[in-house]
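The values are calculated or read from the model by the stated rules, or taken from the named source; none is laboratory data. Remember, predicted model here, so these are calculated numbers, not experimental data. Positions of Cβ are backbone-derived with ideal geometry, glycine not excepted, and every protein chain shown enters the neighbour counts.
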There are 2 protein chains.
Amino acid sequence: MDLARSPLALPFPAIPPIAGVTLRIARARYKEWDRCDLTLVELAEGTAVAGLFTKNVCCSSEVELGREQARLGSARALVVNAGNSNAFTGHRGREAVEAIMAQVAGHLGCQPSQVFVSSTGVIGVPLPQDRAHAGIEAALAAPPCSWRQAAATIGTTDTFEKGALATAVVDGRTETLAGIIKGSGMIAPDMATMLGYIFTDAAVEPVFLQALLSAANERTFSCITVDSDTSTSDTVLAFATGAAGNAPLASFEDAGADAFAAALHDVCRQLAHLVVRDGEGASKFVEVRVTGAASDDSARRIGLAVANSPLVKTALAGEDANWGRVVMAVGKAGEPADRDRLSIGFGGHWTARDGQPVAGYDEAPVAEHLKGREIVIAVDLGLGEGQAVVWTCDLTHGYIAINADYRS
Amino acid sequence: MDLARSPLALPFPAIPPIAGVTLRIARARYKEWDRCDLTLVELAEGTAVAGLFTKNVCCSSEVELGREQARLGSARALVVNAGNSNAFTGHRGREAVEAIMAQVAGHLGCQPSQVFVSSTGVIGVPLPQDRAHAGIEAALAAPPCSWRQAAATIGTTDTFEKGALATAVVDGRTETLAGIIKGSGMIAPDMATMLGYIFTDAAVEPVFLQALLSAANERTFSCITVDSDTSTSDTVLAFATGAAGNAPLASFEDAGADAFAAALHDVCRQLAHLVVRDGEGASKFVEVRVTGAASDDSARRIGLAVANSPLVKTALAGEDANWGRVVMAVGKAGEPADRDRLSIGFGGHWTARDGQPVAGYDEAPVAEHLKGREIVIAVDLGLGEGQAVVWTCDLTHGYIAINADYRS
């Protein structure tokens, strides 16, 4: 099936080359298609790495291995396979990943553990080792490609290429952070997968890079949801080549660490939003702002309960100011809430305050807001200082069409 | 909007009168419609009661009061209002419920706490006290009605009347258990609400009745899901009039207690299934059987994760044997699971065993099973003895149409 470009798509940014990062793509033909489907990123010696991986316990071998590799903190290459997720394939799946790691390590003269592999696509079919092998040889012989080409090659049913860019001044040098991501279009008969990669020429100690990435995750990737389903392959990796030559960042005591952390957070947020903007069938980008909760964690869980509620999401698709459904979703979150202190608003207009409809509530401005592409829902618990922002999209006929109408 | 009768509907059973239970209906005109929307059930003196209530913390005053009343164990009447849920209406909502309790208690010469009230429909609008008052007066003056008429009157967007029947021999007497239920069609701009009522002429001590109802709930109402959204008004009440004259059942030591418990479980299961069969847009009734889990609770949570997964539910709507989505849902449940011991099947055919696709797997019989109205998904964790069965429906364009396309 051909998917129309999401109405929420953003243009691809003008990302400059990043010293120490070389992108190449090739045709491994994991499926019967004529497109590049293998991405090989070569990273300079000394590149630090940090990672985030799916919490789904039925994860792929790529995720199992990647989690161990990221702990070692050192990377020389990344391989991304599109068209076959290699998930639920037993020991043969694991062998396929180890073969790729050994092949690339042999070429680069590095340890296999420095070669990171991700795969996305059909599940239950072991990655064909012959195709992977030939694809990697082809990629190694290919000229470098652009960020946009790499972003297109890691994609599957994505309807647009997704990239993000930020800079930070560290140690007197302007350093670049770039990210590409794929997700979360679904492929029948496959699973949604979010794969995100961030590259910077900054020098950062791996432990600090991991701490910064994990912190950014709490307010970005962990705060988006399309349909509450968690992929078995979700992965985000951050690579710092150090080619910019700054004294490696090791803690917030270091000059420029704050700026770098802010830039990393910015790239993560941009990438997370792009995934929501390509949610299956999405027609609206929805921000849920939760305030007054018992804690920040509680606020995030309440925000996700609202963002995952099929009744809230269908109401938004119908441009219906159905605040009662938001009340319901808050109440089912399993978090502290007091009906008689709860307030709900849309687009800056309160519709209910302190557990009751606002007297003389005028629906006209709210209805106008809901006709737009960017929706803001406010939830105030009136209990404490906890707050969070969560992003999602609406639930439309397009979601059903993508996931049900087309047979595998 | 007119909703077509669910293709999964079952005929209404031939429920006989139950001694000590008198059903009456009337027009309170809670909405601009010409149908009965108020049900008044009079119960004989000495009727025991037990209740189950929503865990949604933003619950209605009806639920708050009902939970307190059920603890007292004694009932003389039930009033069900359809068309206005009286939820999120602050102190005025509570006053409206207390006025109904006082009015009916005055007529029957009982305590207000013996009068149970439920409401379902529009939220955020206090129940109009004048209409409720006049409706109750009209109901008190009306002739008794049939079970089917009462089942129709408690409904809102339900597409068929839902009733269940079972019998048990207790103390040498054949006793009857009957139930009616409404749900879970959604009304824009309202919330889904499941209201279920069970009546029996058996004599049962309230504490034992509550224990039996709670136990039945664990394997019936708590094992169904349509869209993972939890209403603010969900209520199930069981009333035992004692008119059959048996020695009151007080524990499993009593003769007939096992038979009564089995019959109560049967009625609860029938009613729970009927709600799923009227799920918005449902075209398939889906049973998820989980075995080999670490515990029964764990099995139930895994079953609900599968049953609530939009990707699983859309695949079923598309008649797609997409076992990878079941794997994903098991893995995200947050429960013990081992990918390499996991097996998945449809309609008695295993598609994946021990973490890998079954060798020589033939999709034909599975595809045939998925074309039917009644789908069975088997999940075996291969870990322990825990098991559970969960019921749901598929997710179709009909769900989106009911909840998004029609404005409030």
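Here are the numbers for the structure shown:
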item: Some residue of the range A:196-216 being acidic (Asp, Glu), on the phi < 0 side of the Ramachandran plot, modelled with pLDDT under 90 and buried (at least 19 other Cβ atoms within 10 Å of the Cβ); result: no
item: Residue ID - farthest from A:Ile224 (Cα to Cα), chosen from residues in the range A:278-297 that are outside any strand (DSSP E or B) and in contact with a Phe, Trp or Tyr (Cβ under 9 Å, 6 or more places away or on another chain); result: A:Gly281
item: Qualifying residue in the range B:299-313 (condition: within 12 Å of chain A (Cβ to nearest Cβ) and surrounded by fewer than 22 Cβ atoms within 10 Å (Cβ to Cβ)); result: no
item: Members of the range B:30-53 found to be part of a loop (DSSP other than H, G, I, E, B) and touching a Leu at 6+ places or on another chain (Cβ under 9 Å), listed by number; result: B:Tyr30
item: Residue ID - surrounded by the fewest Cβ atoms within 10 Å (Cβ to Cβ), chosen from residues in the range A:55-71 that are more than 8 Å from every other protein chain (Cβ to nearest Cβ) and among the hydrophobic types (A, V, I, L, M, F, W, C); result: A:Leu65
item: Residue within the range B:80-94 that is surrounded by fewer than 24 Cβ atoms within 10 Å (Cβ to Cβ) and either under 26 Å from B:Gly281 (Cα atoms) or touching a residue at least 40 places away in the same chain (Cβ under 8 Å) (or both) present; result: yes
item: Condition check for B:Ala257: within 21 Å of B:Ala50 (Cα to Cα), small (Gly, Ala, Ser) and touching a helix residue (DSSP H, G or I) at 6+ places or on another chain (Cβ under 9 Å); result: yes
item: Meets criteria (modelled with pLDDT under 95 and either under 22 Å from the mean Cα position of the chain (by Cα) or crowded, with 23+ Cβ neighbours inside 10 Å (or both)) for A:Leu52; result: yes
item: Residues satisfying the stated conditions in the range B:356-408, i.e. in a loop (DSSP other than H, G, I, E, B), out of contact with any helix residue (DSSP H, G or I) (no Cβ under 7 Å at 6 or more places or on another chain) and not β-branched (Val, Ile, Thr); result: B:Ala359, B:Gly360, B:Tyr361, B:Asp362, B:Lys371, B:Gly372, B:Arg373, B:Gly384, B:Glu385, B:Tyr406, B:Arg407, B:Ser408
item: Filter result (assigned to a helix (DSSP H, G or I) and either surrounded by 24 or more Cβ atoms within 10 Å (Cβ to Cβ) or within 8 Å of chain B (Cβ to nearest Cβ) (or both)) within the range A:329-342; result: A:Ala329, A:Val330, A:Gly331, A:Lys332, A:Arg339, A:Asp340
item: Inter-residue pairs, beta-carbon under 9 Å, first more than 19 Å from A:Gly347 (Cβ to Cβ) and in the range A:272-295, second among the polar types (S, T, N, Q) and in a strand (DSSP E or B), 6+ apart; result: A:Gly279/A:Thr392; A:Ala293/A:Gln387
item: Test for A:Ala240: is it over 29 Å from B:Gly121 (Cα atoms) and of a type in the set (A, V, I, L, M, F, W, C); result: yes
item: Any hit, the range A:268-284, residues being at pLDDT 90 or above and aliphatic (A, V, I, L, M); result: no
item: Check on A:Arg71, over 20 Å from the mean Cα position of the chain (by Cα) and either assigned by TED's automatic domain parsing to the domain that holds A:Phe199 or assigned to a helix (DSSP H, G or I) (or both); result: yes
item: Unmet requirement for A:Asp2, which otherwise passes all of (1) buried (at least 17 other Cβ atoms within 10 Å of the Cβ); (2) modelled with pLDDT under 90; result: (1)
item: Answer residue from the range B:316-328, given it is aliphatic (A, V, I, L, M) and within 7 Å of chain A (Cβ to nearest Cβ) and is surrounded by the fewest Cβ atoms within 10 Å (Cβ to Cβ) among those; result: B:Ala317
item: Search result, residues across the range B:377-408 that are among the aliphatic types (A, V, I, L, M) and modelled with pLDDT of 90 or more; result: B:Ile377, B:Ala378, B:Val379, B:Leu381, B:Leu383, B:Ala388, B:Val389, B:Val390
item: Qualifying residue in the range B:343-351 (condition: part of a loop (DSSP other than H, G, I, E, B), farther than 27 Å from A:Ala401 by Cβ, outside the structural domain of B:Thr156 (by TED's automatic domain parsing) and not hydrophobic (A, V, I, L, M, F, W, C)); result: yes
item: The range A:344-357, residues that are away from every other protein chain (no Cβ under 11 Å) and either closer than 13 Å to A:Arg325 by Cα or crowded, with 21+ Cβ neighbours inside 10 Å (or both); result: A:Gly345, A:Phe346
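To keep it simple, each residue is scored yes or no on (1) farther than 22 Å from B:Thr241 by Cα; (2) part of a helix (DSSP H, G or I); (3) in the same structural domain as B:Arg27 (by TED's automatic domain parsing).
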position: B:Gly83; (1), (2), (3): yes, no, yes
position: B:Ala87; (1), (2), (3): yes, no, yes
position: B:Ala102; (1), (2), (3): no, yes, yes
position: B:Ala105; (1), (2), (3): no, yes, yes
position: B:Ser118; (1), (2), (3): no, no, yes
position: B:Glu137; (1), (2), (3): yes, yes, yes
position: B:Leu140; (1), (2), (3): no, yes, yes
